[in-house]
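K.L.:
Sharing a structure, written as C-alpha cells. Questions coming.
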Amino acid sequence: MIEIKNLHVKIADTDTKILNGVNLTIKPGEVAAIMGPNGSGKSTLSYVLAGKDDYEITEGDILFNGESILEMSPDERAAAGVFLAFQYPLEIPGVPTMNFLKAAMNSQRKARGEAEMTTPEFIKAVKGEASKLGIDMVMLKRALNVGFSGGEKKRAEILQMALLAPKFCVMDETDSGLDIDALKVVSEGVNALRSPERSFLVITHYQRLLDHIVPDTVHVLYKGKIIKSGGKELALELEENGYADIIGEAA
C-alpha cells in the first residue's frame, strides 16, 4: 500500500531538516501508529504524505501501490485515495459544510472519470454516514468548521473520510482536544472504515487513542527517524515508561 523509503525532508527554502531517513511500509488493511516526543517530525510526515508544499524532499521516495507520488499534487493524491485528517481542521467561513462535501466528492469522481452524484444520491449518502457519527444534519448547513467544537470538527472530518472512501488515511493527532465521549465516537467512525483494502497511519502522543483504535504496528519517531517498531504492546510500554529508555537504546 504505502512504502516510505529513506525519506529526507527539510522546510522549503531553508536548511532546517525535519525528517532524516524515514523507512516505513504499511500493508493493505494495516493500521500503523506513529508515536514520538514533540518535535520528532510526526506532523511533518503527515503533511509530506499529503503533498503540502511547505516542505522539500531532498532524498528518498514515497510509493503508493508501487508508484511514486512525489510529483503528484495534493489534489491528485486525494483522487488516488490518500486522505489527511488534520490535527486542527481548517475553518472556511461562507462555505456551507454540505456544499464543501458535495464539491469534494464530485471533484474526486471527476478525476477518476466517474459521473457526478445527483443531489438525491448525495443527500442519501450524507444522511447515512452522518447518522452513524451522531451528526445532526443542521450542523452540516453551517459554514465548514466555523463555530464547531473540537469534537464536531473531528466528526465532520471523519464524515468526509467516510464519504470519500480513501484507500490510505493519515490521522494527524486526531485525538487532540477531544473529551472521552467525542474520542469514542470518532474512534468508532474510524474503526467502521477498517477493511482489508484500506490502510491507516495514526499519529498520536497518547496511548488512550490506541485503546480505541487498536493498531497492528507501532513505530517510534525521534529526530526524524523511526528508532523502534513493534506491536500494540509497544504503545503500552511507552505509556508506562516514556521515551527515555528507547531513545537511549537508539543513541
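Readers should treat all values here as calculations from the given coordinates under stated rules, not as data from a laboratory. Here the structure is a predicted model, which is why all the values come from computation and not from measurement. Glycine also receives a Cβ, built like all others from the backbone with ideal geometry; neighbour counts cover every protein chain displayed.
K.L.:
What nm distance separates the two modelled labels at Glu91 and Asp61, each placed 7 Å from Cα along Cα→Cβ?
P.N.:
It works out to 4.3 nm between the two label points.
K.L.:
Can you work out the FRET efficiency for the pair Ala12 and Asp136, with r the C-beta to C-beta distance and R0 = 41 Å, to the nearest 0.05? Don't jump to the answer; show the numbers that get you there.
P.N.:
Numbers: r = 41 Å, r/R0 = 0.99.
Given R0 = 41 Å and the Cβ-Cβ separation, E is 0.50.
K.L.:
What residue among Met105, Ile180, Ile92 has its Cα farthest toward the positive end of the dipole of segment 87-204, where the charges are +1 on Lys, Arg and -1 on Asp, Glu, each on the Cβ?
P.N.:
The listed residue farthest towards the positive side: Met105.
K.L.:
Magnitude of the Cβ-charge dipole of segment 46-192, K/R +1 and D/E -1, about the Cα centre, nearest 20 debye? Intermediate results must be reported in sequence, preceding the final value.
P.N.:
On the way: 16 positive and 23 negative charges, 177 e Å.
The dipole of segment 46-192 has a size of about 860 debye.
K.L.:
Are there trypsin sites (Lys or Arg not before Pro) in segment 1-94 that DSSP marks as loop and that have at most 15 other Cβ atoms within 10 Å, and which are they?
P.N.:
Of the trypsin sites (Lys or Arg not before Pro), the ones in loops of segment 1-94 whose Cβ has at most 15 other Cβ atoms within 10 Å are Lys52.
K.L.:
Can you work out the base-10 log of I(q)/I(0) for the chain at q = 0.07, 0.15, 0.18 1/Å, using the Debye formula on its C-alpha atoms alone?
P.N.:
-0.24, -1.10, -1.50
K.L.:
Report, in debye and to the nearest 20, how large the dipole of the chain comes out about its Cα centre when Lys and Arg carry +1 and Asp and Glu carry -1 on their Cβ.
P.N.:
680 debye
K.L.:
Roughly what % antiparallel, to the nearest 5, for the DSSP beta bridges in the chain?
P.N.:
DSSP beta bridges in the chain are roughly 60 percent antiparallel.
K.L.:
In nm, what is the difference between 0.36 nm times the number of residues separating Glu249 and Asn191 and their Cα-Cα distance?
P.N.:
Stretched fully, the Glu249-Asn191 segment lengthens by 17.5 nm.
K.L.:
Then there's this: List the GluC sites (Glu not before Pro) within segment 73-152 that fall in a DSSP loop (any state other than H, G, I, E or B) and whose Cβ has at most 15 other Cβ atoms within 10 Å.
P.N.:
Glu91, Glu114, Glu116
K.L.:
Enumerate the amide H contacts of Phe200 below 5 Å, restricted to partners 5 or more residues apart or on another chain; note that Pro and chain-start residues carry no placed amide H.
P.N.:
Glu30, Val31, Ala32, Cys169
K.L.:
With label points built 7 Å along Cα→Cβ from the Cα atoms of Asp53 and Lys110, find their separation and express it in nm.
P.N.:
1.9 nm
K.L.:
Starting from the Kirkwood radius over alpha-carbon pairs of segment 134-251, derive D by Stokes-Einstein at 4 °C in a medium of 1.567 mPa s and give it in µm² s⁻¹.
P.N.:
It comes out at roughly 82 µm²/s.
K.L.:
For Val146, which sequence-distant residues (separation of 5 or more, or a different chain) have an amide H within less than 5 Å of its own amide H, given hydrogens modelled in the peptide plane?
P.N.:
When sequence neighbours closer than 5 places are left aside, the close amide H contacts are Ile92.
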